[in-house]
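**Q** My questions all concern the structure below.
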Amino acid sequence: MPTYLSPGVYVEEVPAATAPISGVGTAIAGFVGFAPMGPLNAPTMVTNWQQYVTAFGEFTEEFALAKAVYGFFNNGGGRAYIVRIPYPGDGDAPSPALPVAALPTSDAKGAAAITFRALDANAGEITIVTTAPSGDKPAPGSFDISVSVAGVLTENYTGATLGPGATNVATLINTASKVIRIDEPTVDAAAIAAGIAPTSITLAVAGSVPVVTVNPAEVIGDTAQRSGFSSFEMFEEITMVVAPDLVMAHRNGLIDIPGVTAVQTALIGHCELMGNRMAILDTPAGLNAQQVSDWRMNVTGYDSKFAV
């Protein structure tokens, strides 16, 4: 700076100050998918991985949402809005009824003594066979039970009885079986002495229970109800929208290709409507580079500057 030796008006040219320009965060994502815990259809903001874990749980083998969110934060993501949607069969969705069957006693009354219940409604055909007890000196009223699933013998129990103790049929099966459970039998002394008549029963017909699938409308949601990714219309700051569980659900047979394309088309439409965000789309698993190109150009026909 010059030194001025006399009073006066002086003009001094100095370089303009170059103050740093603060960047505006653009990595704000909206994720919609499945998680083992957390609020359903309630957009929740998280700013780091630990907040996500606290609200929605850790990694799980069947869900891709947690892996996508972890990758987002691990690669510099700033904020994310999470919408957890119901997984097929959980929440308030009706569960298929478990098959039930009963076996009669061998006494004169022939009343139902044992009620069997399948552990899995989708296990297939379960056949339970009771026979006379094996061995040289079987206990009075004892019997043997075998359990088969889809024609394959999986479990065998010998020397079961209706009486109390370690040989009680409910105690034997309920502590060891991976297929069925038994209601505790309530019988009188005559029934305990008589045991169970040799017979065979079937709990379910194979394939009779339908598989619950992903409903595309659950993923898309509704703006008024603030559900699915449609709820992201409330948040102007979101710059990308992702549905990471969509392709995972297809791989697991929970949604078909028309369902996948319906969700992705709606996702693109959402981003085009908002005009300030991108749809991050996945292809079905296992495609090579040529098949990916064919998927985009010929199968789906996606052509939008708001999707990648």
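Every number here is computed from the coordinates shown, using simple stated rules; none is lab data. What you are looking at is a predicted structure, and each value in this text was computed from that prediction instead of being measured. Glycine gets a Cβ as well: all are built from the backbone with ideal geometry, and neighbour counts include every protein chain shown.
**Q** At a Cα cut-off below 17 Å, give the aspartates and glutamates reachable from Lys305, other chains included and same-chain residues fewer than 8 away excluded.
**A** Glu272, Asp282
**Q** How would Glu13, Glu125 line up from fewest to most surrounding beta-carbon atoms within 10 angstrom?
**A** By the 10 Å Cβ count, ascending: Glu13, Glu125.
**Q** Taking the Cβ-Cβ separation of Leu287 and Asn75 as r and a Förster radius of 30 Å, what is the calculated FRET efficiency to the nearest 0.05?
**A** Numbers: r = 23 Å, r/R0 = 0.78.
The pair Leu287/Asn75 has a calculated efficiency of 0.80.
**Q** Quick check on region 202-292: take the gyration tensor over C-alpha atoms, sort the square-rooted eigenvalues as a ≥ b ≥ c, and tell me if it's rounded (a/c under 1.5), prolate or oblate. Intermediate values should be presented prior to the final figure.
**A** Working: a/c = 3.47, a/b = 1.58, b/c = 2.20.
Cα axes put region 202-292 in the oblate bin.
**Q** Between region 241-308 and region 56-89, what is the C-alpha centre distance in whole Å?
**A** Here the answer is 18 Å between Cα centres.
**Q** Order the peptides 72-83, 215-226 from the highest to the lowest mean number of other Cβ atoms within 10 Å of their residues.
**A** Working: 72-83: 18.1, 215-226: 16.6.
Per-residue mean Cβ counts within 10 Å order the peptides as 72-83, 215-226.
**Q** Using Cα pairs closer than 8 Å and at least 6 residues apart in sequence, work out the relative contact order for region 204-308, in percent. Display every interim value, and only then the final one.
**A** Numbers: 113 pairs, mean separation 26.5, N = 105.
It rounds to 25 percent for region 204-308.
**Q** Nearest 0.05, what FRET efficiency do Lys137 and Tyr302 give at R0 = 51 Å with Cβ-Cβ as r?
**A** Working: r = 75 Å, r/R0 = 1.48.
It comes out at approximately 0.10.
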